[in-house]
Amino acid sequence: MILPNIYFFADGGSMRILQSNDFFQSEQHAFCVFMLNKQMMENAHGHDFDEIVIVRDGSGFHIINDCVEFIYKGDFFFISVNDTHSYLSINNLSIINLLIHKEREFNFINNVERLLALLREAQGNLPLRDMTLSCNELLAITQQCEFISNKNDDKYDDIYFSATESAVLSILGTLCQNLYQKCDRQVFEHASRQYLINFLKHNYMHNVCWNQLCDESGIARRTMFRFIKDVTGFTPGQFQQVFRLMKAQELLRTTDKSISDIAINCGFANSSRLTESYNRQFRHTPTQERRICR
Ligand code: RM4
Ligand code: NI
């Protein structure tokens, strides 16, 4: 089973803090849209600004404050100044970043902080629900971000800021509506795909009966396997194995659990099976991982 060379920067290197001055286009900008078509592996970093991330396409792992999440097209999340995060793309991960300056006021919109607080609050309840946009919501936000990015006027006057800041407000409004206005956003086939994605996110540690999952999600086995391959770049079994290893690394770095407890928690039969897979994947053992990160 060929897994990607998961380069995990266990080098304990110093943490980079990205600076507003390197991203915001002028002193008057309270926002910045930063769109990357290929969010490759990004080392752990922090920022002196807040950051709203929208997964534009593809999938990968997002590691925030050492906690690993599987992220997929349409997911969105909030990174505050106190967070450190990094990415590991497993399938052409493409990200949109909406950066919000901590000190500067917007020229034409007030109370942006209230909308940001709604996003932060919803994220705090994340285990209850995943923050995922419908296709239409993602399309609308992507168009707004492209509009802002393409408006590179030579002078940042009232016309420029009224147009771009209303686009920012529209983006924040769409995200908040997604979170606080429950509606049947997904037509059936998307709902069953979303069901599968959520299942993958929350059941990495279980031995899955794929046939039963097909029945529950109303998708034929062949269709499901093809869908999971399209989404993650792996077969279901491979994906589970990668996710289990990422989660094992998280627990090694963030808890004092024993290696055998971590093995069981992450779906490995025992600690030697974990150690064998871990060593093959990360080129060091779980015990060495503990030593590296501490
Ligand atoms: C990088 C990466 C980081 C983000 C910066 C602005 O490509 O996505 O997470 O903070 O952009
Ligand atoms: Ni970042």
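No value in this document is a laboratory result; all are computed from the given coordinates. What you see is a predicted model, and the numbers here were worked out from it, not measured in a lab. So basically every Cβ, Gly included, is an ideal-geometry build from the backbone, and we count neighbours across all protein chains shown.
Structural remarks
- The GNM of the chain, with springs linking C-alpha atoms under 10 angstrom apart, assigns the highest mean-square fluctuation among Ile54, Ile141, Ile219 to Ile219.
- A Förster distance of 41 Å, applied to the separation of the beta-carbon atoms of Glu105 and Asn203, puts the FRET efficiency at 0.40.
- Restricting the calculation to Cα atoms, every distinct pair contributes to the Kirkwood radius of the chain, found to be 20.5 Å.
- Counted over the chain, the DSSP beta bridges are approximately 90% antiparallel.
- 222 nm mean residue ellipticity, helices alone, for the chain (DSSP H n ≥ 4; -39,500 (n - 2.57); rounded to 500): -14500 deg cm²/dmol
- Global form of the range 160-294, assessed from the alpha-carbon gyration tensor, a/c cut-off 1.5: oblate
- FRET efficiency for the pair Leu118 and Ser272, taken as 1/(1 + (r/R0)^6) with r the Cβ-Cβ distance and R0 = 45 Å, rounds to 0.45.
- Phi-based couplings in Hz for the range 61-72 (Karplus 6.51, -1.76, 1.60; Gly and Pro marked x): 10, 10, 10, 10, 6, 6, 8, 9, 10, 7, 10, 9
- By average C-beta atoms within 10 angstrom, highest first, the peptides 93-99, 227-233: 93-99, 227-233
- Measuring between alpha carbons in the structure, the pairs from Lys102/Lys201; Lys102/Lys151; Lys151/Lys229 lying more than 27 angstrom apart are Lys102/Lys201; Lys151/Lys229.
- The stretch between Asp256 and Ser162, if pulled fully straight at 0.36 nm per residue, gains 28.7 nm over its current Cα-Cα span.
- Cβ-based exposure ranking for Ser166, Ser277, in which fewest neighbours within 10 Å come first: Ser166, Ser277
- Label point of Trp210 set 7 angstrom out along Cα-Cβ; within the range 29-61, amide nitrogens under 20 Å from it belong to 59-60.
- Long-range amide H partners of Arg16 with built H, under 5 Å: Gly46
- Between the residues Leu251, Ser271, Gly218, the greatest Cα displacement towards the positive end of the dipole of the chain, with unit charges on the Cβ of Lys, Arg, Asp and Glu, is found for Ser271.
- Entry note, the chain: relative contact order of 18 percent, from Cα contacts under 8 Å with a spacing of 6+ residues.
- Span-like helix ranges in the chain, DSSP H, alpha carbon extent 24 angstrom or more, Kyte mean at least 0.5: 158-180
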